[in-house]
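What follows is a short report on a single structure.
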Amino acid sequence: MILPHCKTCDSQNCFINRFTTPEWKATIDKKRVALRIKKNDDLFREGDPVNGIYFIYKGQFKVFNSGYKNKTQIVRLAKSGNIIGHRGFGSLKIYPIGATALSQATVCFIPEKTFKEALKNNGELVFELLNFYADELRRAEYKLRSLSQMSARQKLAEALLTINEIFDSEVFEGEEYLGLQLPRQDYADITGSSLEEVIRTLSAFNKEGIISLVGKRIKILKLNALKEMISSFGPLKIP
């Protein structure tokens with residue numbers, strides 16, 4: 001896939017497309033690099049040196065870090081138009097997280113120096129990036145509370161609702177399913193639960209008619225039932 005020029009890009013979520021001047025779009029066009037990432041390949045790994053920032057033109061990614069005894073914790077799911085790698089900016093100059101493609105993906109890479117110069121010369125880009133960081137911090141605080149206080153059922157309900165809100169649905173054999181297919185282990189890494197607990201809870205949801213399972217595909221049948229499970233934790237807001 002050949003990336004379009006910034007000024008003609010059809011990505012409505014890209015920060016560069018929305019919040020930089022025409023002059024800076026032209027400058028970034030000359031510096032950016034298109035990367036094609038295969039499914040299950042790493043975009044970067046936890047601890048890698050920071051050399052730039054990434055915008056997803058097309059594809060799906062999981063963003064994760066390693067916790068106690070190297071247990072993986074998925075901290076974010078990202079889709080086309082989203083930004084990745086921003087957590088590496090700061091004094092340490094390393095990525096505190098890793099990112100792996102969940103599908104075939106095309107990513108726009110912008111070198112660190114170019115991106116920082118763009119920030120200095122585009123006030124609206126800075127303002128919107130600050131809002132993005134604030135939203136992500138709020139989401140992280142919600143996630144921390146959910147992991148410490150929610151039951152296994154509530155954690156999985158929250159994960160399913162998050163995927164439903166982030167990703168467009170997928171049509172399979174005339175039925176609409178969640179737009180992201182994940183192995184059960186990834187659900188465990190999102191919720192902080194064991195693999196066995198995730199399998200049991202999904203099976204229970206299926207028997208109760210809350211969801212329908214077809215392999216890795218999940219169809220939500222009772223959206224309000226999932227929302228009711230986590231209603232005591234306040235509204236779920238996806239940055």
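The values are calculated or read from the model by the stated rules, or taken from the named source; none is laboratory data. The structure displayed is predicted, hence computed values, not measured ones. Every residue, glycine as well, gets a Cβ built from its backbone with ideal geometry; the counts of neighbours run over all protein chains shown.
Quick look at the numbers
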| quantity | calculated |
| --- | --- |
| Test: residue in the stretch 135-151 that is surrounded by fewer than 20 Cβ atoms within 10 Å (Cβ to Cβ), modelled with pLDDT under 95 and at positive phi | no |
| Qualifying residue in the stretch 181-202 (condition: exposed (fewer than 14 other Cβ atoms within 10 Å of the Cβ), modelled with pLDDT of 95 or more, of a type in the set (Ser, Thr, Tyr) and more than 19 Å from Leu102 (Cα to Cα)) | no |
| Residue pairs meeting the criteria (Cβ under 8 Å; at least 6 apart or on separate chains; first on the phi > 0 side of the Ramachandran plot, in the stretch 100-119; second of a type in the set (Lys, Arg)) | none |
| Residue check for Ser193: touching a helix residue (DSSP H, G or I) at 6+ places or on another chain (Cβ under 6 Å), hydroxyl-bearing (Ser, Thr, Tyr) and either in a loop (DSSP other than H, G, I, E, B) or closer than 25 Å to Lys58 by Cα (or both) | yes |
| Subset of the stretch 39-67 (residues that are surrounded by fewer than 20 Cβ atoms within 10 Å (Cβ to Cβ), within 14 Å of Val107 (Cβ to Cβ) and of a type in the set (S, T, N, Q)) | Asn51 |
| Scope the stretch 119-133; condition over 16 Å from Asn82 (Cβ atoms) and in a helix (DSSP H, G or I); matching residues | Leu119, Lys120, Asn121, Gly123, Glu124, Val126, Phe127, Leu130 |
| The stretch 211-229 residues that are at negative phi, paired with ones that are among the hydroxyl-bearing types (Ser, Thr, Tyr) and crowded, with 16+ Cβ neighbours inside 10 Å (beta carbon under 6 Å, 6 or more apart) | Arg217/Tyr177; Lys219/Tyr177 |
| Subset tally (residues that are surrounded by 18 or more Cβ atoms within 10 Å (Cβ to Cβ) and part of a loop (DSSP other than H, G, I, E, B)) for the stretch 203-212 | 1 |
| Near pairs, Cβ below 6 angstrom, 6+ apart or cross-chain, from the stretch 158-176 (without any contact (Cβ under 8 Å) to a residue 60 or more places away in the chain) to any residue that is β-branched (Val, Ile, Thr) and part of a helix (DSSP H, G or I) | Ala159/Ile190; Ala159/Thr191 |
| Residue within the stretch 116-124 that is under 28 Å from Ser194 (Cα atoms) and surrounded by fewer than 14 Cβ atoms within 10 Å (Cβ to Cβ) present | no |
| Checklist (1) at pLDDT 95 or above; (2) out of contact with any Ser or Thr (no Cβ under 9 Å at 6 or more places or on another chain); (3) within 30 Å of Ile16 (Cβ to Cβ) applied to Glu165, failing item | (1) |
| Residues satisfying the stated conditions in the stretch 28-75, i.e. under 24 Å from Asp189 (Cα atoms), in a loop (DSSP other than H, G, I, E, B) and of a type in the set (S, T, N, Q) | Asn40, Gln60 |
| Residue in the stretch 46-92 that is farthest from Leu182 (Cα to Cα), counting only those that are in contact (Cβ under 8 Å) with a residue 60 or more places away in the chain and β-branched (Val, Ile, Thr) | Val50 |
| Residue in the stretch 100-113 that is assigned to a helix (DSSP H, G or I) and either farther than 30 Å from Ala225 by Cα or hydrophobic (A, V, I, L, M, F, W, C) (or both) present | yes |
| Tally, over the stretch 148-175, of residues that are touching a strand residue (DSSP E or B) at 6+ places or on another chain (Cβ under 7 Å) and of a type in the set (Asp, Glu) | 2 |
| Condition met for Asn70 (modelled with pLDDT of 90 or more, surrounded by fewer than 21 Cβ atoms within 10 Å (Cβ to Cβ) and farther than 25 Å from Val126 by Cβ) | no |
